[in-house]
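Okay, so here's the structure we're looking at.
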Amino acid sequence: MKVLITGGAGFIGSNFTEYMLKKYKNYRLTVFDAMTYASNPETINKFRKNKNFKFIKGDICDFKAVMNAVKGQDMIVHFAAESHVDRSISGPEAFIETNVKGTFNMLEAARLCGVKKFLHISTDEVYGSIKKGKSKEGDILDPTSPYSSSKASADLIALSYYKTFGLPVVITRSSNNFGPYQHPEKFMPLFITRAIECEQLPLYGDGKNVRNWIYVEDNCSGLDIVLHKGKNGEIYNVGGDVEEPNIKVAKCIVDALSRDMGLIKFVKDRLAHDRRYALNSSKLKKLGWKPKYKFEAAIGLTIQWYANNDKWWMGLKGKKFSKYYRSNYGKK
Ligand code: NAD
Ligand code: TYD
């Protein structure tokens with residue numbers, strides 16, 4: 001089986017590539033990635049020795065490059081996207097280009113090349129903020145930010161390719177992922193890496209916004225199931241069991257690193273900051289999916305990973321690691 005993974009040098013895409021290389025020894029995986037600011041060559045270097053791994057540097061907005069990469073592939077797992085809400089507020093255009101036009105290019109190439117499965121990776125943010133209950137796959141889309149709106153647009157275009165052309169599309173919408181190799185601009189790695197360095201932790205608004213957290217490996221096992229057992233034209237939520245307000249996660253990080261709670265600083269809220277996301281994942285559970293990790297254990301693993309891999313995130317932050325903080329890691 002030949003599988004093309006777009007965005008495989010990013011956070012979830014690289015974890016998924018690792019998961020697939022380990023599980024399917026006879027699959028040939030090709031990562032197609034533009035290597036934007038969000039990627040790190042270090043993330044995929046470890047795969048290069050594997051004979052089942054190939055890398056193509058390319059942009060999903062470049063249709064010719066996309067066609068060349070898609071030819072001969074059996075399945076596509078499409079992660080590549082602009083993924084940070086704050087950036088979509090300060091510069092929305094790249095989100096429309098990559099997430100909408102780029103996804104269209106992927107679908108069109110998949111159709112022309114007769115790809116047998118197209119797994120489109122989406123997000124719980126397309127449902128918008130929900131006051132109570134949990135979002136189900138059939139709920140209306142009510143996205144808020146240019147990021148979530150661009151993802152919702154891509155979802156609808158992907159479904160149109162199933163309905164109109166019969167392209168075997170499946171969609172996953174996962175909740176907030178955390179784990180190794182996430183860019184330190186995102187909440188959890190930002191707070192962990194800043195807490196390691198004893199820097200202030202900027203908590204938006206009142207800190208009571210709630211996110212539904214999932215450890216990245218649990219998302220990968222869900223994606224694997226949807227890729228192999230998902231019904232064409234269907235959407236599957238992939239949500240973790242835990243819902244937490246940001247303030248609680250921040251305190252958990254500060255505590256685990258034995259830092260001072262005074263590092264947490266309430267700052268101006270994000271524009272149109274969604275209050276709460278929560279997913280109902282019973283549809284995926286019916287296909288046999290079960291998350292493996294408990295939140296407390298998984299956040300511990302994640303903190304330990306960032307503490308042990310400072311070179312990886314220092315590179316992305318454009319910083320040099322201070323020996324002081326390394327020697328003080330784990331002390332107040
Ligand atoms: P990420 O920002 O860590 O990685 C994105 C990857 O895509 C990077 O390697 C980047 O270089 C690549 N990329 C960006 N633009 C590209 C382009 N034009 N052409 C080719 N490659 C390009 O993102 P992530 O957090 O791993 O998210 C992956 C996918 O999962 C996205 O589609 C995102 O919307 C979705 N998602 C993420 C989360 C989360 O919590 N991180 C939750 C739900 C859904
Ligand atoms: P983020 O990682 O950007 O994911 P998303 O907004 O896509 O869910 O943020 C997670 C939560 O953390 C969100 O409620 C915004 C909040 N947040 C902060 O409080 N401070 C920060 O510096 C960042 C980046 C996020």
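The values are calculated or read from the model by the stated rules, or taken from the named source; none is laboratory data. Note that this is a predicted model, so its numbers are computed, not measured. Here the Cβ is made from the backbone with ideal geometry for all residues, glycine too, and neighbour counts use every protein chain on show. Note: areas computed on protein heavy atoms with side chains; ligands, DNA, RNA excluded. Shrake-Rupley method; radii C 1.70, N 1.55, O 1.52, S 1.80 Å.
Has the range 5-27 got at least one residue that is hydroxyl-bearing (Ser, Thr, Tyr), over 19 Å from residue 169 (Cβ atoms), more than 16 Å from ligand 2 (Cβ to nearest atom) and open to solvent by less than 10 Å² (accessible area, probe 1.4 Å)? Full working, then the answer.
Taking the range 5-27 first, the residues hydroxyl-bearing (Ser, Thr, Tyr) are 6, 14, 17, 19, 24, 27.
Checking the rest, the ones that are also over 19 Å from residue 169 (Cβ atoms) come to 14, 17, 19, 24, 27.
Next cut, more than 16 Å from ligand 2 (Cβ to nearest atom) only: 14, 17, 19, 24, 27.
Subsequent filtering for residues that are open to solvent by less than 10 Å² (accessible area, probe 1.4 Å) retains 14, 17.
Scanning the range 5-27, I find at least one residue that is hydroxyl-bearing (Ser, Thr, Tyr), over 19 Å from residue 169 (Cβ atoms), more than 16 Å from ligand 2 (Cβ to nearest atom) and open to solvent by less than 10 Å² (accessible area, probe 1.4 Å), so the answer is yes.
Could you grab the pairs with beta carbons closer than 6 Å, sequence gap of 6+ or different chains, first residue in the range 167-194 and farther than 14 Å from residue 216 by Cα and open to solvent by 10 Å² or more (accessible area, probe 1.4 Å), second one within 8 Å of ligand 2 (Cβ to nearest atom) and assigned to a loop (DSSP other than H, G, I, E, B)?
Listed by first residue and then by second, the contacts come to 185/84.
I'm checking my understanding of the structure. Among residues of the range 103-137 that are polar (S, T, N, Q) and in a helix (DSSP H, G or I), which one is nearest to ligand 2 (Cβ to nearest atom)?
Within the range 103-137, the first condition is being polar (S, T, N, Q), and the residues that meet it are 103, 105, 122-123, 129, 135.
Of the ones still in play, those that are also in a helix (DSSP H, G or I) are 103, 105.
On the way: 103: 18, 105: 24 Å.
Among those that are polar (S, T, N, Q) and in a helix (DSSP H, G or I), it is 103.
Picking from 97, 82, which residue would you name as being within 11 Å of ligand 1 (Cβ to nearest atom), surrounded by fewer than 22 Cβ atoms within 10 Å (Cβ to Cβ) and modelled with pLDDT of 95 or more?
Details: 82 fails: surrounded by fewer than 22 Cβ atoms within 10 Å (Cβ to Cβ).
Residue meeting the stated conditions: 97.
Of everything in the range 218-235, what is crowded, with 17+ Cβ neighbours inside 10 Å, more than 15 Å from ligand 2 (Cβ to nearest atom) and in a helix (DSSP H, G or I)? Give them in sequence order.
Within the range 218-235, 218, 220, 221, 222, 223, 224, 225, 226, 227 meet the criteria.
For the range 166-182, which positions are more than 9 Å from ligand 2 (Cβ to nearest atom) and closer than 11 Å to residue 306 by Cα?
As a first pass, look at the range 166-182 and keep what is more than 9 Å from ligand 2 (Cβ to nearest atom): 166-174, 177, 179-181.
Listed by number, the residues that qualify are 179, 180, 181.
For the range 284-318, which residues satisfy the criterion of being free of Cβ contacts under 8 Å to residues at least 12 places away in the same chain and surrounded by 14 or more Cβ atoms within 10 Å (Cβ to Cβ)?
285, 314
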